[in-house]
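Peer 1: Could you have a look at this structure, given as structure tokens, before my questions?
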Amino acid sequence: MKGVKQVWVIGHKNPDTDAICAAITYANLKNKLSDGTVEYVPKRCGDLNGETSYVLKRFGVELPEFVGNVGAQIKDSDFRHTVGIKGRLSLKRAWELMKELKVVALPVLGDDDHLDGMIVNGDLARTYMDMIDNCELSRARTPYGNIVDTIEGTLVTGDRTGVFDSGKVVVAAGNHDTMREYIEEGDLVILGNVEERQMVALAKKPSCMIVTAETFLPPEVIEEAMAIDCVLITTRFDSFTVARLINQSIPVEYFMTKDNLITFFQDDYIDEITDTLAKVRHRSFPVLNDKHQYVGMFSRRHLLEMHKKQIILVDHNEFSQAVDGIEDAELLEIIDHHRIGGHQTNLPVFFRNQPLGCSNTIIYHMYKESGVEIEPQIAGLMLSAILSDTLMFKSPTCTPVDIEAGKALAELIGISYEEHAMSMFEAGSDFGDKTPKEILFTDFKIFSQGDIKFGVSQVSVVSKNQIDKLAPGIAEVLEEAISEKSINMIFVMLTNVIEQESEVLYSGKHAQNVIGNGFGDGVLKEGNMATLPGVVSRKKQMVPSLTAGIQQL
């Protein structure tokens, strides 16, 4: 909507059900409370897992749009929407436009607003300072209309849309014999208001004749010009002035720069173009849309006028887990139930962090506090997120507040939370044709402890059989994952939601020591695997124990 500011609500990378549902439910709450000047839009920065896909389909909710980066883009600036010109426009008119618009460059557009070239004030200066011979006008295929406009003339005979495309420009200043000697057929002749000299020139069959300092021509001259298809133009200017101005009628396409143009797209990220801005000393650069159509001009000064994207983070607060470019966005709020990461914000933000099992439990209470009705669709998403994050109220992260909220939501929409949870878990454990790496990164987060960065993935399954099938393939890609994510070690929780335990695959220098330090050596098995009975929560059980294990290294 025009004039309405957008704020994006977004969860973490590799989103789980809580991250996606929280983006939707919290955006819905904010819109209910908005005065209409702001629109809150749910987004996602990763692909959905099977469980979340099932939930959205179950409650008929549209998938949030994917956003891979929230950094500043050219379209976030007030870049100038300078008018484009056509290639047949005269140099004189281009110069007038530059002065009128107070710019030094104009884009030259072809069909469908595609960029054909650029004309800058230096190109116009070249028409004065460089040596231009008397055939330049015809080589440029100059439209007669341009000539008429440039010398403020009147077209007496001929077609304004025709072009002067052969011959040279001649100023007929000599006697009759001299005129007959150097005027050739097809030339453009500039001469004064003497009828006899005009007839001598017409006898040589020029393409065009410009009569200066005159607004009236004898009928005989007009008839002769029409008989030989000569374009006849009169002007109040004298011959010297016409000779000086006439090259300004050349179309801009003749002098424009059309090769090796440096252009940007309006979706380009600022951090990706700064090197070009620093190296290339152009004052401004053309901006194109995704159809390669010209939309405006961008210059360095526009870097000072950026409108940062406004973001609300849900279900996380650590920038290592956030969408790319978060450092360049304006963070407004954080709604989370995890540990508080070590990051700074430039401005104060609304931060609601509660030690509950699910972000949607927090959001549920924010609906209640605000007196906003929870619609069935929204209730279904909240319930699904709570059941997912608390493993149907069995996770050690689950609190009485989560249970109360989940049961109230189930009652509101009239479904059995046990049946719904099992359907969700079964959908989440159906990995279809996903590769081991895709499964590994489905629900993957990066954490830091001192100088050490470690990744923890959680894969939920409903049977020991599934673990036995998945483990070998995932184990083979762990080293590759460490390299790809630039981390020191990795841990993959294969969590059996029915048996309430996790088999953990691990890799990386000191990873085995970290597991031993955190959980005791008795959990270690062969093949870089550990069995952790009762460990089902990444947030409350796995990460704190790994952090403690790293501290003991």
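The values are calculated or read from the model by the stated rules, or taken from the named source; none is laboratory data. Given the structure is predicted, the values throughout are model-derived calculations rather than measurements. Glycine gets a Cβ as well: all are built from the backbone with ideal geometry, and neighbour counts include every protein chain shown. What goes into the accessible areas is simple: the full protein's heavy atoms, side chains included, and nothing from ligands, DNA or RNA. Shrake-Rupley method; radii C 1.70, N 1.55, O 1.52, S 1.80 Å.
Peer 1: From the list D402, D328, pick out the single residue that is in contact (Cβ under 8 Å) with a residue 40 or more places away in the chain and open to solvent by 50 Å² or more (accessible area, probe 1.4 Å). Reasoning before the result, please.
Peer 2: On the way: D402 fails: open to solvent by 50 Å² or more (accessible area, probe 1.4 Å).
On inspection, the qualifying residue turns out to be D328.
Peer 1: Return yes or no: is E479 assigned to a helix (DSSP H, G or I), open to solvent by 60 Å² or more (accessible area, probe 1.4 Å), over 27 Å from P355 (Cα atoms) and in contact (Cβ under 8 Å) with a residue 24 or more places away in the chain?
Peer 2: Details: assigned to a helix (DSSP H, G or I): yes; open to solvent by 60 Å² or more (accessible area, probe 1.4 Å): yes; over 27 Å from P355 (Cα atoms): yes; in contact (Cβ under 8 Å) with a residue 24 or more places away in the chain: yes.
The answer is yes for E479.
Peer 1: Check G50, G117 and return the single one that is touching a Gly at 6+ places or on another chain (Cβ under 7 Å) and at pLDDT below 95.
Peer 2: Numbers: G117 fails: touching a Gly at 6+ places or on another chain (Cβ under 7 Å).
Sole residue among the options that is touching a Gly at 6+ places or on another chain (Cβ under 7 Å) and at pLDDT below 95: G50.
Peer 1: Give the number of residues within segment 413-422 that are under 15 Å from N496 (Cα atoms) and surrounded by fewer than 18 Cβ atoms within 10 Å (Cβ to Cβ). Please lay out each step first, then the result.
Peer 2: Let us first name the residues in segment 413-422 that are under 15 Å from N496 (Cα atoms), namely 421-422.
When the remaining residues are screened for being surrounded by fewer than 18 Cβ atoms within 10 Å (Cβ to Cβ), the result is 422.
Final tally of qualifying residues: 1.
Peer 1: Now a separate question. What's the number of the only condition in (1) under 45 Å from the mean Cα position of the chain (by Cα); (2) open to solvent by 60 Å² or more (accessible area, probe 1.4 Å); (3) of a type outside the set (A, V, I, L, M); (4) farther than 24 Å from V295 by Cβ that W95 fails to meet?
Peer 2: The single condition W95 does not satisfy is (4).
Peer 1: When segment 92-145 is examined, which residues are found to be of a type in the set (S, T, Y) and in a helix (DSSP H, G or I)?
Peer 2: The answer is T127, Y128, S138, Y144.
Peer 1: Look at S320 and say whether it is open to solvent by 40 Å² or more (accessible area, probe 1.4 Å), small (G, A, S) and not in a strand (DSSP E or B).
Peer 2: Values: open to solvent by 40 Å² or more (accessible area, probe 1.4 Å): yes; small (G, A, S): yes; not in a strand (DSSP E or B): yes.
Criteria met by S320.
Peer 1: Is there a residue being more than 30 Å from I147 (Cβ to Cβ) and modelled with pLDDT of 90 or more anywhere in segment 242-259?
Peer 2: Checked segment 242-259: no residue is more than 30 Å from I147 (Cβ to Cβ) and modelled with pLDDT of 90 or more.
Peer 1: Shifting gears a bit: Identify, please: which residue in segment 345-389 is modelled with pLDDT of 95 or more and of a type in the set (V, I, T) and is, among those, surrounded by the most Cβ atoms within 10 Å (Cβ to Cβ)?
Peer 2: My answer is I386.
Peer 1: Going by what's in this entry, would V287 be described as open to solvent by less than 30 Å² (accessible area, probe 1.4 Å), among the β-branched types (V, I, T) and either part of a strand (DSSP E or B) or at pLDDT below 95 (or both)?
Peer 2: yes
Peer 1: Anything in segment 71-83 that is within 16 Å of F265 (Cα to Cα) and either part of a loop (DSSP other than H, G, I, E, B) or of a type in the set (D, E, K, R) (or both)? List them, or say none.
Peer 2: G71, A72, K75, D76, S77, D78, F79, R80, H81, T82, listed by residue number.
Peer 1: Being closer than 25 Å to D430 by Cα and crowded, with 20+ Cβ neighbours inside 10 Å is the filter here, so list the residues in segment 448-466 that pass it.
Peer 2: Of everything in segment 448-466, those that are closer than 25 Å to D430 by Cα and crowded, with 20+ Cβ neighbours inside 10 Å turn out to be G455, V456, S457, Q458, V459, S460, V461.
Peer 1: Next up: Output the residues belonging to segment 497-520 that are open to solvent by 10 Å² or more (accessible area, probe 1.4 Å), part of a loop (DSSP other than H, G, I, E, B) and not small (G, A, S).
Peer 2: Result: I498, E499, Q500, K509, H510.
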